[in-house]
1. Which fully enclosed strands (runs of 3 or more DSSP E) of the stretch A:6-56 have 1 or more residues being over 15 Å from residue A:67 (Cβ atoms) and touching a Ser or Thr at 6+ places or on another chain (Cβ under 7 Å)?
2. Looking at the stretch B:97-105, can you tell me whether even one residue there is in a strand (DSSP E or B), away from chain A (no Cβ under 12 Å) and of a type in the set (D, E, K, R)?
3. Is it the case that some residue within the stretch A:52-65 is within 23 Å of residue B:6 (Cβ to Cβ), without any contact (Cβ under 8 Å) to a residue 12 or more places away in the chain and in contact with a Phe, Trp or Tyr (Cβ under 7 Å, 6 or more places away or on another chain)?
4. Just to check your reading of the model, which residue among A:59, A:73 is surrounded by fewer than 20 Cβ atoms within 10 Å (Cβ to Cβ) and either at pLDDT 95 or above or away from chain B (no Cβ under 14 Å) (or both)?
5. I'd like the full set of residues that are in a strand (DSSP E or B) and away from chain A (no Cβ under 13 Å), limited to the stretch B:57-96.
6. Do you know which residues across the stretch B:65-101 are within 30 Å of residue A:56 (Cβ to Cβ) and in contact with a Cys (Cβ under 8 Å, 6 or more places away or on another chain)?
7. For the stretch B:33-56, name all the residues that are part of a strand (DSSP E or B), surrounded by 21 or more Cβ atoms within 10 Å (Cβ to Cβ) and facing another protein chain (nearest Cβ under 9 Å).
8. Within the stretch A:80-105, how many residues are modelled with pLDDT under 85 and not in a loop (DSSP other than H, G, I, E, B)?
Amino acid sequence: NAGVTQTPKFQVLKTGQSMTLQCAQDMNHNSMYWYRQDPGMGLRLIYYSASEGTTDKGEVPNGYNVSRLNKREFSLRLESAAPSQTSVYFCALWPPPLGASYNEQFFGPGTRLTVL
Amino acid sequence: GDSVTQMEGPVTLSEEAFLTINCTYTATGYPSLFWYVQYPGEGLQLLLKATKADDKGSNKGFEATYRKETTSFHLEKGSVQVSDSAVYFCALSRGFKTIFGAGTRLFVKA
């Protein structure tokens with residue numbers, strides 16, 4: 001997953017606490033995405049950003065905010081965490097790195113979040 | 001809207017067995033189709049893809065054929081290994097939006 005970093009790797013929160021998940025890329029790609037992965041539900045898109053300064057809602061945006069202040073970074077904020085937000089969060093890029101032969105999305109390693 | 005349905009798991013096989021994981025999709029037009037694999041503790045990575053009808057994607061012994069007439073993209077491997085144990089996701093893509101299936105967990109026993 002070189003080129004896409006996510007911090008933190010693990011986090012435990014109490015209900016009502018806030019936190020920001022960070023995603024940073026050094027691949028100079030315009031589009032960045034936040035997904036959540038839950039058992040039996042695959043990946044669901046929370047928000048995406050087609051370019052610096054623009055963001056759009058995905059399938060499950062409620063309870064989240066995002067910020068794309070520059071091309072490299074796309075952050076996901078939970079203002080008041082709830083147990084239903086316990087999940088694994090993945091950041092992804094599109095299009096893929098230059099020289100890649102496929103037009104797939106390129107994923108970061110994930111952040112595992114538990115809300116008690 | 002577009003959707004992807006894949007067989008529920010877990011699927012448990014013995015080493016060297018034949019693998020099929022079914023995937024069907026609902027979409028207008030001709031989206032690109034993908035199989036991603038997720039190993040424990042990691043993010044998703046592309047396994048194979050196909051961009052038009054009758055295309056066959058292949059990688060690491062895995063194959064899948066884009067069947068427009070049956071709207072399917074089933075994943076197959078002739079002889080699985082323990083190292084193939086992972087979660088497999090079928091997905092379709094139109095440009096910058098990708099829709100994923102729920103994932104199928106595969107366990108391969110030695």
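The values are calculated or read from the model by the stated rules, or taken from the named source; none is laboratory data. Remember, predicted model here, so these are calculated numbers, not experimental data. Here the Cβ is made from the backbone with ideal geometry for all residues, glycine too, and neighbour counts use every protein chain on show.
1. Values: elements: A:10-13, A:19-25, A:31-38, A:42-49.
In the stretch A:6-56, the matching strands (runs of 3 or more DSSP E) lie at A:10-13, A:31-38.
2. At the first step, the residues of the stretch B:97-105 found to be in a strand (DSSP E or B) are B:97-100, B:104-105.
Pick out the ones that are also away from chain A (no Cβ under 12 Å) and you get none.
No - not one qualifying residue is present in the stretch B:97-105.
3. Restricting attention to the stretch A:52-65, the residues satisfying the condition of being within 23 Å of residue B:6 (Cβ to Cβ) are A:58-60.
Then keep just the ones that are without any contact (Cβ under 8 Å) to a residue 12 or more places away in the chain; that gives none.
Among the residues of the stretch A:52-65, not one is within 23 Å of residue B:6 (Cβ to Cβ), without any contact (Cβ under 8 Å) to a residue 12 or more places away in the chain and in contact with a Phe, Trp or Tyr (Cβ under 7 Å, 6 or more places away or on another chain), which makes the answer no.
4. Working: A:59 fails: either at pLDDT 95 or above or away from chain B (no Cβ under 14 Å) (or both).
Sole residue among the options that is surrounded by fewer than 20 Cβ atoms within 10 Å (Cβ to Cβ) and either at pLDDT 95 or above or away from chain B (no Cβ under 14 Å) (or both): A:73.
5. Restricting attention to the stretch B:57-96, the residues satisfying the condition of being in a strand (DSSP E or B) are B:57-59, B:62-65, B:67, B:72, B:75-77, B:86-94.
Correct list: B:62, B:63, B:64, B:65, B:67, B:72, B:75, B:76, B:77, B:86.
6. Hits for the stretch B:65-101 are B:73, B:90, B:100, B:101.
7. If the condition is that a residue be part of a strand (DSSP E or B), surrounded by 21 or more Cβ atoms within 10 Å (Cβ to Cβ) and facing another protein chain (nearest Cβ under 9 Å), then B:34, B:36, B:38, B:46, B:48, B:49 are the ones that fit.
8. Taking the stretch A:80-105 and keeping what is modelled with pLDDT under 85, we get A:94-105.
Of the ones still in play, those that are also not in a loop (DSSP other than H, G, I, E, B) are A:94.
Matching residues across the stretch A:80-105 total 1.
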